[in-house]
Amino acid sequence: MDRIKFLGTAGARFVVSRQVRASGGLWFTLDDANFLVDPGPGTLVKCAASKPKLDPTTLDGIILTHRHLDHSADVNVMIEAMTQGGFKKKGELFAPGDALDQDPIVLRYLRHFVEKIHTLKQGGDYSLGKVTFTTPVRHIHGVETYGIRFKSSKYVISLIVDTKFFPGLSKHYTESDLLIVNVVRHEATGMSLRVDHLNLEDVKIIVGEIKPKLAIITHFGMTMVRAKPWEIADQLSDELGVRVIAARDGMDFKLDEELK
């Protein structure tokens with residue numbers, strides 16, 4: 001079954017460092033391919049504690065959208081787990097150039113454990129098994145960062161990760177069945193005007209322009225956590241005419257059931 005397991009929904013340093021919400025990233029199963037996106041702190045533990053348990057040795061690949069620790073802290077241990085300590089060379093790694101070369105987050109001694117390493121670039125085309133994906137545009141963030149547009153045999157899934165809002169952002173993720181958006185800040189005031197993250201008003205524009213079949217908001221900062229994301233999702237659904245849900249730690253999103 002095609003599904004996405006939310007191993008964490010934390011965004012921003014305080015929610016992550018205090019583990020107000022978990023920060024394990026996303027486990028995708030699409031067209032029989034298993035891959036992790038942004039394995040932040042605690043990914044391996046969350047895989048072991050998941051019900052049913054998620055076995056890292058079944059992974060076909062790991063994708064880093066960028067090298068900030070809340071997205072990459074467990075990448076090395078997950079590479080080791082995927083490859084059974086390096087004794088079984090397997091899997092592919094996808095990451096921006098600065099995660100590999102400039103102040104690299106991926107340890108060099110582990111790199112030969114995987115079958116292939118791909119450097120993500122703007123407009124890049126990639127594949128994992130039968131799943132293809134693109135990194136259509138570089139985001140505005142503190143380090144090299146890319147959102148992802150996945151295409152499986154049944155679905156188009158867009159993942160808009162950390163970025164400052166900019167005109168034309170939405171057009172790179174149109175015609176999506178499912179849209180997953182990182183929304184760190186609740187309001188466009190104070191700190192949120194000085195950080196390269198989306199706030200709730202930005203997300204209203206994005207979801208309203210893309211009009212996916214369904215949208216999931218996730219990667220919450222403290223202001224979003226305090227504002228009760230599940231209530232915000234209901235309000236967005238009513239306002240935009242698009243079903244919006246708020247991700248929960250451990251949420252098992254079954255695409256065949258939710259995207260009928």
| said: Can you tally the net charge around A99? Count Lys and Arg as +1, Asp and Glu as -1, for every other residue whose Cβ sits under 10 Å from the Cβ of A99. | reply: -3
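In the structure shown, do any of K171/K260; K121/K260; K51/K204; K51/K151; K130/K164 have a Cα-Cα gap over 29 Å, and if so which? Let's see the in-between values first.
Working: K171/K260 24 Å; K121/K260 33 Å; K51/K204 33 Å; K51/K151 27 Å; K130/K164 32 Å.
Listed pairs above 29 Å: K121/K260; K51/K204; K130/K164.
What's the local net charge at Y146, with K and R +1, D and E -1, over the other residues with C-beta under 13 Å away? Provide the component values of the computation, followed by the final result.
Numbers: positive: R67, K121, R138, R149; negative: D38, D98, D125, E144, D162.
Once all neighbours under 13 Å are counted, the net charge is -1.
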| Among the DSSP beta bridges whose two residues both lie in the chain, what percent are antiparallel, rounded to the nearest 5? | 50
| remark: Using the Kirkwood radius over Cα pairs of the range 3-254, the Stokes-Einstein translational diffusion coefficient at 25 °C and 0.890 mPa s, in µm²/s and rounded to a whole number, is 137
| said: Taking the Cα centroid of the range 61-107 and of the range 2-55, what is the distance between the two, rounded to the nearest whole Å? | reply: 14
| query | Relative contact order for the range 1-118: what is it in percent, counting Cα pairs under 8 Å that are at least 6 residues apart? | reply | 20
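If a/c stays under 1.5 just call it rounded; otherwise compare a/b with b/c (prolate if a/b is bigger, oblate if not). Do that for the range 96-161, with a ≥ b ≥ c from the square roots of the Cα gyration tensor eigenvalues.
Details: a/c = 2.77, a/b = 1.30, b/c = 2.13.
Verdict is oblate for the range 96-161.
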| note | Note to self, the chain gives a 222 nm [θ] from helices alone (DSSP H runs n ≥ 4, -39500 (n - 2.57) apiece, / all residues, nearest 500) of -5500 deg cm²/dmol
| With the contact rule set at Cα under 8 Å and sequence spacing of 6 or more, what percent relative contact order holds for the chain? | 18
| message | If packing is taken as the average count of other Cβ atoms within 10 Å, what order do 140-147, 179-186, 52-59 fall into, highest mean first? | response | 179-186, 140-147, 52-59
| How about K254: which aspartates and glutamates have a C-alpha closer than 14 Å to its C-alpha, ignoring those fewer than 8 places off in the same chain? | D2, D31, D32, D177
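FYI, it's all coordinate maths here, none of it is from the lab. As the structure is a prediction and not an experimental result, all values here were calculated from the model. Every residue, glycine among them, receives a Cβ derived from its backbone with ideal geometry; neighbour counts consider all protein chains shown.
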